Amino acid sequence: MSTQPDLLYSEEEEALRAAVRDLLADHCDAPGVIARTESDAPHDIAAWKALAGTMGLGGLLIPEELGGQGATHREAAVVLEELGRAVAPVPYLTSAVVATEALLECGDDELLGRLASATTVAALALSLNTAAGGAYKVVRHEDGALHGELTGIADAVAADVLLVPADDGGLYAVDADAVTITPRPSLDLTRPVATVTLDGAPGRLLGDSEPAVRRALRAGAGLLASEQLGLAEWTLTETVRYLKERKQFNRPVGGFQALKHRLAQLWLEVVNLRAAARAAADALATGEDTDVTVAVAQSYAAPVAVRAAEEALQLHGGIGMTWEHPVHLYLKRAKADSLAYGTAGTHREALAELVDLRAP
């Protein structure tokens, strides 16, 4: 019999939240993030070094004996909530969660140690829209070298090592220097994607790709819900604050009943999203009902995060439509996240199968 998930935050988790929020306030203010998205270097390396290195959060999910923190997905979820609130341009989800989970499945202590010490950033070389259990593209393994092209790889431009699945069923570690990484136009300017071209690149076999990829993508989907929660909470909070200040007919716009109803409905959806995201993080940490709980979270998270960002853009009026205001970054992140690690529809289909709910 499964136990009820713990949806509350512990004192330690709240302390972690406060520390991460303070760090991001110093490194990832909105004007700085906007300026960075317009440059040739979208990733905030200083923020990443402070987060992953100084605070040690790059190795949050890595066992202590390998130099990591030995924490659980619950703590990683708190970090991702704060990163979502700041739309922080750091490769945390892709390296410290997805790539780390693949390496934990393969048991590669050497690379895990490098990730824990924040000397290395890793990226799983799968298109960002790949869902756990779904088909994914592989490269050709021939005479000890890898050949092929992989598209839509998130944060590849920041990676030192790529984890590449090959047609022989293996997952290979490939140095980023040995491949060609070509940045591509990305809707979400804070999580850029790239095409990775391998032309006889040497690779070190880590293990079987299928279980590693499945585990990595499931954790990515489950913890993405916490990023979406942080994003939705920020957009709702900022919209309420703005509507209290903005006046029309000599009274605050937020006092109009029609807007109150819209915000109240959105608040309820965000509260439900928090429950779903916390349940997913807890299930990943305990291993109980994980597939079902992650599918529930992702079935719900994407539409709420997108709606929260859309409402924020509209209710900020003219200022929300400007490039100077950060709300456009949140809308783009929400839209991109709604495709990442499987769409809401994909997760609903997976959920129906898991609970044996047949289509009519």
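Looking for whichever is within 29 Å of R348 (Cβ to Cβ), at pLDDT 95 or above and in contact with a Gly (Cβ under 7 Å, 6 or more places away or on another chain) here; the options are V78, V97. Which one fits?
From the options V78, V97, the qualifying one is V97.
Say whether the condition of being in a helix (DSSP H, G or I), open to solvent by 70 Å² or more (accessible area, probe 1.4 Å) and in contact (Cβ under 8 Å) with a residue 60 or more places away in the chain is met by at least one residue in the stretch 216-224.
yes
To keep it simple, each residue is scored yes or no on (1) at pLDDT below 95; (2) acidic (D, E).
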site	(1), (2)
L112	no, no
E149	no, yes
D155	no, yes
D168	no, yes
V174	no, no
T180	no, no
L189	yes, no
G207	no, no
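State yes or no: is T54 within 19 Å of the chain's Cα centre (by Cα) and hydroxyl-bearing (S, T, Y)?
When the stated conditions are applied, T54 does not pass them.
The values are calculated or read from the model by the stated rules, or taken from the named source; none is laboratory data. Please read these numbers as outputs of a predicted model, since none were measured by experiment. Heads up, the Cβs are rebuilt from the backbone with ideal geometry, glycines too, and the neighbour counts pull from every protein chain shown. Side chains included, ligands, DNA and RNA excluded: accessible areas come from the protein's heavy atoms. Shrake-Rupley method; radii C 1.70, N 1.55, O 1.52, S 1.80 Å.
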